[in-house]
Amino acid sequence: MSGADNVVWLGTPAFPEAARSALADTRLRTNLRRATGTIRDKRLAVAAELEDWEELRETAATIKSHTLRHLDHHLLRLEKAVTAAGGVVHWAADAAEANRIVTYLVQQTGEDEVVKVKSMATQEIGLNEALADAGIRAYETDLAELIVQLGGDRPSHILVPAIHRGRSEIREIFRREMGEWGRPAPENLTDEPRDLAEAARLHLREKFLRAKVAVSGANFAAADTGTIAVVESEGNGRMCLTLPETLITVMGIEKVLPSFADLDVFLQLLPRSSTGERMNPYTSLWTGVTEGDGPQNFHLVLLDNGRTATLSDEVGRQALACIRCSACLNVCPVYERTGGHAYGSVYPGPIGAVLTPQLVGIENAASLPFASTLCGACYDACPVKINIPEVLVHLRAEAVEAKRRGRLLPTTEGLAMKAAGAVLGSPRRLAAVQRLAAVGARLVARDGRIGALPGPFAVWSGTRDTPVPARESLRAWWRRTRTPTSEDARTAAEGKARR
Amino acid sequence: MRIALFITCFNDTMFPRTGRAVTELLERLGHTVEFPQGQTCCGQMHFNTGYRPETLPMVRRFAEVFAGYDAVVAPSGSCAGMVRDHHRVVAAQYGDAALAEAVEQVVPTVYELSELLVDVLGVTDVGAYFPHRVTYHPTCHSLRMLRVGDRPLRLLRAVKGIDLVELPDAESCCGFGGTFALKNADVSNAMLADKMRHVQDTRAEILSAGDNSCLTHIGGGLSRLRTGVGTMHLAEILAATEGDMR
Ligand code: SF4
C-alpha cells in the first residue's frame, strides 16, 4: 500500500458488521471495559479538581473556533516564525504528497531508518508503509504503538492504540517479534507490567542511540513563536525529539494556535482529559533549531488531507477543534463494547464517527455517523466542547442525501420514512393508523406482548418483547371524554379544508 | 395555568395511559390541560435518521398547533429535547423566516414533565402515593440534552410509600437510540444486557424513566427474560394516589 491513505482501511466491512465480530470477542470486551473504565474514573476525578474546568473548556472552544475561522492567516504566521527560527516548512495537500515529502527528506540524509514519536497524522497518511516501500524502516517508540507495530496490528484507540491487548498477549508479541526488529525480549519475560516495560525499554534504547532521523507529530504549534509542542507520558518522545540530527514533524493544519500563551489553556485540558493526570510526565517544546542543542535540521510538514474541505462545512468543521485527547472514546458506550477496529479508520470512536466521513467523503464512511445512540456522553466529556451528536445527525442527513442522489429508486428505509412522514403529517391519518395497529397487533400478540416482528424489526424482537398498541389512543380517549376546545374546532375545519 | 399536552406520537399510540396520568396529575394540581387534536409528532425519528426534508412539515405543524399556550408539556425527554434543540435548526436550514419566528415563539414554552413541575409549577411533592420498590433510569436526552438533573428524583423522593433505590451505572445509555437499535442491533443488545443486569441488581419491582421509548427497549428485554420487573413512566407514579391503588 504505497502511501495509502489510512483514514479508512480498505476492505473493512461497514460498522454494524464489524461491530458484530468485535462483540463476539469476549477477551476484547474485558480488556476494553477494564481500560476505559479506569481512565473514565480518573478523568472525572481530576476534572472535578479544577473549579474553572467549564470556563477552561469554553475558552478552549473559543480559541479553536476563532483559529479555524482564520486558519490561513495563522498558518502563514506559523510558517514565518518556524522559518525565522531555522526550520523548513513544507505544505502537503494530501497523504501522498506528505509521504513523498517525508520520504525525500529522509533519503536526503542518507539514512534508511527513522525513530517515531506516536502521531495520529502519520498514522493517517500511512507513512510507515510509504517509507517501507522506499526501503526505510520506521520504528515506533511509544509502548502501545510498538505493541501494535510488532503485532502487525492496527491501532484501536487514538491514545492507547493497543488498548485491545491484554498483558499476556503483549508478552507473546514481544517474545515472538522483538528479535525480528532488533534486540530480542529476555528469555524469562513475564507478563508483569514492569517486566514488559523493561523489555520495551531495552529494545528501544538501542534504536534511540543509533537514530539519526526522527519523525513526530505535533499536539500544538504556536503561530507567534513557531514553537511546536509534543505531549507524552513515556519519555520516548523526548528521546526522539532531542537525540537525532534531523527531526521531521508532520502536523495537521488544524493544530496551529495563535499564540504561545494559548498553551496555558490546552496543557491544562489535555492531560486531564486524556490520561486523567494533572500534568503529563513529558512536554517537549522546541522552536526551530538551536545550535548545539537537539536536532540541527528541522522540517515541519503541514498536512491538509481533507481538512480544508471539512472546514467549509459550517456544522462539521467543529470536528477540527479536536485535540485528540480520546476522552470521547473512553466514555462512549458503543466504543466500550466494540473497540476501535470496528470503525475501520485510524480515527475510531465518536471523534472518528464525525471526522473520518468528513476527511474521506461521506460516501466512503457512510455507516459511521450512525454508529452512535446520540447519548451525548462524548459532548459532555470533550474538553473543546465539540458537539459530536450535532455533527453526527448533520452527517446522517448528508449520508441520506448522498444515497438519494446516487440512485433512481428510493431505499426501503427511504420509503418507510416517507410513509411514516405522511402518516405523521396528518392527525387524521395518524388516528387511522393507530386504529389499524391496535387491531392488527392483537392478532399476533400473546399475553399482551408481541414476540416476533417481521422484516427489519426482527433484530429488535429477537431479544425484546413489544407491547401491544393501546386499544384507544390518547387522542381518541380525549375526543370521547372531553369537550373539544376552540383550537380543535379550528383544526378540524382546516383538516376538512385541506382534504 | 393553561397547559397543552404534547403527548408525542409514540405515547399516543402505545402508552395513552401516560397521557392520562399527566392530565390527572396536572388537573389535581389545579391546572387546565388541553389536548390540541392537530398534534402529531416532533419529527425526531426523521431528523435523527437523516431525513431532514420529511422533518420540516412536522416542525411547522408543531409550531402552529402549540402556539399561544402558557406552557406545553411533553412526557418525553427526547421529544422535548428535539423541539428545544433542533426545531430551530430545521427552520433555519430551509430558510423559512416565518417558521423560524414561530419556532422561536413556541420553543421557550415547551417543557419536559419534571421541568414543568419543578421549575414552572414549583412543586416537588405532588401528593402521590406509590408503595413499591422503584429504580429510576435517567434517560440520556433528559440528562444531557435537557439537563433535567435530579428533578425527577426529587419528585420521586417526595412520593409517599415509595422505596426508591439507586440504579448502578445509571447514566450510561440503555442502547436504544431510536433507529440505532435496528441499524446496530448487536451493539444495542450488548448495551441493553448491561442495563438489565443493573436493573435486576437493584431488586426493584418497577423501573421508571421519563421516556417510554427507552422503557419499551429495556422493558422489552426484561419481559423477554421473564424477570418480573415492570416498567412505568414517571408520570404514572406521580399520578398514583392512595385512592387508586390499582
Ligand atoms: S473530540 Fe473532544 S473528547 Fe474526542 S478526542 Fe477530540 S478533543 Fe478529545
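The values are calculated or read from the model by the stated rules, or taken from the named source; none is laboratory data. Keep in mind it's a predicted model, so treat the numbers as computed, not measured. Because the Cβ atoms are built from the backbone with ideal geometry, glycine has one as well, and the counts that use them run over all protein chains shown. With ligands, DNA and RNA removed, areas are computed over all heavy atoms of the protein, side chains included. Shrake-Rupley method; radii C 1.70, N 1.55, O 1.52, S 1.80 Å.
Scanning segment B:219-246 for residues that are surrounded by 16 or more Cβ atoms within 10 Å (Cβ to Cβ), of a type in the set (Gly, Ala, Ser) and without any contact (Cβ under 8 Å) to a residue 60 or more places away in the chain turns up B:Gly219, B:Gly220, B:Gly221, B:Ser223, B:Gly230.
Limited to segment B:160-196, what total is found for residues that are farther than 21 Å from A:Leu368 by Cβ, open to solvent by 10 Å² or more (accessible area, probe 1.4 Å) and in contact with a Pro (Cβ under 9 Å, 6 or more places away or on another chain)?
Taking segment B:160-196 and keeping what is farther than 21 Å from A:Leu368 by Cβ, we get B:160-172, B:174, B:192-196.
Then keep just the ones that are open to solvent by 10 Å² or more (accessible area, probe 1.4 Å); that gives B:160-166, B:168-172, B:193-194, B:196.
Now drop any that are not in contact with a Pro (Cβ under 9 Å, 6 or more places away or on another chain), which leaves B:160-163, B:170-172, B:194.
Final tally of qualifying residues: 8.
Of the helices (runs of 4 or more DSSP H) lying entirely inside segment A:316-424, those carrying at least 1 residues that are over 15 Å from A:Phe15 (Cα atoms) and either open to solvent by 20 Å² or more (accessible area, probe 1.4 Å) or touching a Lys or Arg at 6+ places or on another chain (Cβ under 8 Å) (or both) are A:327-331, A:349-360, A:377-381, A:388-406, A:412-424.
Name the single residue that is farthest from B:Ala170 (Cα to Cα) among those in segment A:345-363 being within 14 Å of another protein chain (Cβ to nearest Cβ) and more than 9 Å from the ligand (Cβ to nearest atom). Checking each candidate, the answer is A:Glu363. Whenever a residue of segment A:394-422 is under 17 Å from B:Lys183 (Cβ atoms) and at the interface with chain B (Cβ under 8 Å from one of its Cβ atoms), it has no partner that is assigned to a helix (DSSP H, G or I) and open to solvent by 100 Å² or more (accessible area, probe 1.4 Å) lying with C-beta atoms less than 7 angstrom away and at least six residues away or across chains.
If you check A:Arg69 against the conditions, is it of a type in the set (Lys, Arg) and over 30 Å from A:Arg210 (Cα atoms)? Step through it out loud before you land on a result.
On the way: of a type in the set (Lys, Arg): yes; over 30 Å from A:Arg210 (Cα atoms): yes.
Judged against the criteria, A:Arg69 is a match.
Just the residues that are over 12 Å from B:Thr55 (Cβ atoms) and part of a helix (DSSP H, G or I), please, taken from segment B:66-87. I'd like the intermediate steps shown before the answer.
So in segment B:66-87, the residues over 12 Å from B:Thr55 (Cβ atoms) come out as B:66-81, B:84-85.
Result: B:Gly77, B:Ser78, B:Cys79, B:Ala80, B:Gly81, B:Arg84, B:Asp85.
Rundown of residues vs (1) open to solvent by 30 Å² or more (accessible area, probe 1.4 Å); (2) of a type outside the set (Lys, Arg); (3) within 16 Å of the ligand (Cβ to nearest atom); (4) at positive phi, yes/no style:
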position: A:Leu243; (1), (2), (3), (4): yes, yes, no, no
position: A:Leu247; (1), (2), (3), (4): no, yes, no, no
position: A:Phe260; (1), (2), (3), (4): yes, yes, no, no
position: A:Val265; (1), (2), (3), (4): no, yes, yes, no
position: A:Gln268; (1), (2), (3), (4): yes, yes, yes, no
position: A:Ser273; (1), (2), (3), (4): no, yes, yes, no
position: A:Gly276; (1), (2), (3), (4): no, yes, yes, yes
position: A:Pro281; (1), (2), (3), (4): yes, yes, no, no
position: A:Leu285; (1), (2), (3), (4): yes, yes, no, no
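Of all residues in segment A:107-120, which are among the small types (Gly, Ala, Ser) and crowded, with 24+ Cβ neighbours inside 10 Å? Before you say what the answer is, go through the steps one by one.
Taking segment A:107-120 as the starting set, the residues that turn out to be among the small types (Gly, Ala, Ser) are A:110, A:119.
Correct list: A:Ser119 only.
Please specify each residue of segment A:319-369 satisfying the condition of being among the basic types (Lys, Arg) and over 8 Å from the mean Cα position of the chain (by Cα). Listed by number, the list holds a single entry, A:Arg337.
In segment A:433-449 there is at least one residue that is in contact with a helix residue (DSSP H, G or I) (Cβ under 6 Å, 6 or more places away or on another chain), outside any strand (DSSP E or B) and more than 16 Å from the ligand (Cβ to nearest atom).
For A:Val439, are the conditions met, namely being out of contact with any Cys (no Cβ under 7 Å at 6 or more places or on another chain), open to solvent by 30 Å² or more (accessible area, probe 1.4 Å) and farther than 25 Å from B:Pro57 by Cα?
Values: out of contact with any Cys (no Cβ under 7 Å at 6 or more places or on another chain): yes; open to solvent by 30 Å² or more (accessible area, probe 1.4 Å): yes; farther than 25 Å from B:Pro57 by Cα: yes.
So A:Val439 fits the description; yes.
Taken over segment B:142-200, the criterion of being without any contact (Cβ under 8 Å) to a residue 24 or more places away in the chain, within 11 Å of chain A (Cβ to nearest Cβ) and among the hydrophobic types (A, V, I, L, M, F, W, C) is satisfied by B:Phe180, B:Leu182, B:Ala185, B:Val187, B:Ala190, B:Met191. Residues in segment A:364-415 that are within 14 Å of the ligand (Cβ to nearest atom) and of a type in the set (D, E, K, R): A:Asp380, A:Lys385, A:Glu390. Restricting attention to segment A:146-179, the residues that are at pLDDT below 95 and either acidic (Asp, Glu) or within 16 Å of the ligand (Cβ to nearest atom) (or both) add up to 10.
The set of residues in segment B:204-218 that are within 9 Å of another protein chain (Cβ to nearest Cβ) and open to solvent by 10 Å² or more (accessible area, probe 1.4 Å) contains only B:Thr216. Among the residues that make up segment A:299-318, is at least one of them of a type in the set (Ser, Thr, Tyr), more than 18 Å from A:His70 (Cα to Cα) and either touching a helix residue (DSSP H, G or I) at 6+ places or on another chain (Cβ under 7 Å) or away from the ligand (no atom under 13 Å from the Cβ) (or both)? Scanning segment A:299-318 turns up no residue that is of a type in the set (Ser, Thr, Tyr), more than 18 Å from A:His70 (Cα to Cα) and either touching a helix residue (DSSP H, G or I) at 6+ places or on another chain (Cβ under 7 Å) or away from the ligand (no atom under 13 Å from the Cβ) (or both).
Suppose the filter is under 30 Å from A:Leu23 (Cβ atoms), away from the ligand (no atom under 13 Å from the Cβ) and not assigned by TED's automatic domain parsing to the domain that holds A:Ala121; does A:Val334 pass it? Yes, satisfied. Looking at segment A:351-358, can you tell me whether even one residue there is of a type outside the set (Phe, Trp, Tyr) and more than 25 Å from A:His164 (Cα to Cα)? Taking every residue of segment A:351-358 in turn, at least one turns out to be of a type outside the set (Phe, Trp, Tyr) and more than 25 Å from A:His164 (Cα to Cα). If you filter segment B:164-190 down to residues that are farther than 16 Å from A:Glu336 by Cβ and of a type in the set (D, E, K, R), you find that the one that is modelled with the lowest pLDDT is B:Lys183. Restricting A:Arg471, A:Arg479, A:Arg449, A:Arg428 to those that are at pLDDT 85 or above and at the interface with another protein chain (Cβ under 8 Å from one of its Cβ atoms) reduces the list to A:Arg479.
Among what's in segment B:4-27 and is more than 10 Å from chain A (Cβ to nearest Cβ) and under 22 Å from B:Thr241 (Cα atoms), pick the residue that is nearest to the chain's Cα centre (by Cα). Here the residue is B:Ala21.
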